[in-house]
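Structure first, commentary second.
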Amino acid sequence: MDNAAKSQFRLKQAEECLAMAQALFGLNFYKGSVNRCYYAIFHAIRAILVLEGLDKYSKHSGVTSAFHRYYIKTGKFETRFSDVVVDSFDLRQLSDYKDFFILTKSEAAEQLANAREFVSAFADYLANLP
């Protein structure tokens, strides 16, 4: 599979995770929604990295670090997108692993809105590459 096909596959994964996040949110499963929001963002980042020959990271920290280095520091994406990645990761970690962690509807709604914007921006970026 070539890099363009991998990129499209990963973007599709991001979109599927986003759809799952929306469905889980609608069922009041906020922790599951936040989990899927993070993975939507993660797969969107990986879609860009593979297309631009930067797909050499096996850990989440490597993927997010590469995003910051190659896309935030260079100005390809606004710095607020870096904050979205960090917040999404942190909230997913808390909701997945911390006992008795309570996630509010408004926190989950904010994550869902951020993930939607993130995936949309990345899809637009990919669509406009030469």
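The values are calculated or read from the model by the stated rules, or taken from the named source; none is laboratory data. What you are looking at is a predicted structure, and each value in this text was computed from that prediction instead of being measured. Cβ atoms come from the backbone with ideal geometry, glycine included; neighbour counts cover every protein chain shown. Calculation scope for accessible area: heavy atoms of the full protein, side chains included, ligands and nucleic acids excluded. Shrake-Rupley method; radii C 1.70, N 1.55, O 1.52, S 1.80 Å.
So, R36, is that one at pLDDT 95 or above, open to solvent by 10 Å² or more (accessible area, probe 1.4 Å) and charged (D, E, K, R) or not?
Criteria met by R36.
All but one of (1) open to solvent by 20 Å² or more (accessible area, probe 1.4 Å); (2) within 17 Å of L11 (Cα to Cα) hold for F89, so report the exception by its number.
Condition not satisfied by F89: (2).
Within region 39-62, work out how many residues are polar (S, T, N, Q) and open to solvent by less than 50 Å² (accessible area, probe 1.4 Å).
0
Any residue that is free of Cβ contacts under 8 Å to residues at least 24 places away in the same chain, more than 20 Å from K12 (Cβ to Cβ) and open to solvent by 60 Å² or more (accessible area, probe 1.4 Å) - is there at least one of those in region 105-119?
Yes, the conditions are met somewhere in region 105-119.
Can you tell me which residues in region 63-79 are surrounded by fewer than 12 Cβ atoms within 10 Å (Cβ to Cβ) and under 19 Å from L112 (Cα atoms)?
Of everything in region 63-79, just one residue is surrounded by fewer than 12 Cβ atoms within 10 Å (Cβ to Cβ) and under 19 Å from L112 (Cα atoms), namely T79.
Being in contact (Cβ under 8 Å) with a residue 60 or more places away in the chain and assigned to a helix (DSSP H, G or I) is the filter here; which residues of region 18-35 pass it?
L18, A21, Q22, F25, Y30, K31, S33, V34, N35
Could you list, in sequence order, all residues of region 1-17 that are part of a loop (DSSP other than H, G, I, E, B) and among the aliphatic types (A, V, I, L, M)?
Selection gives M1 alone.
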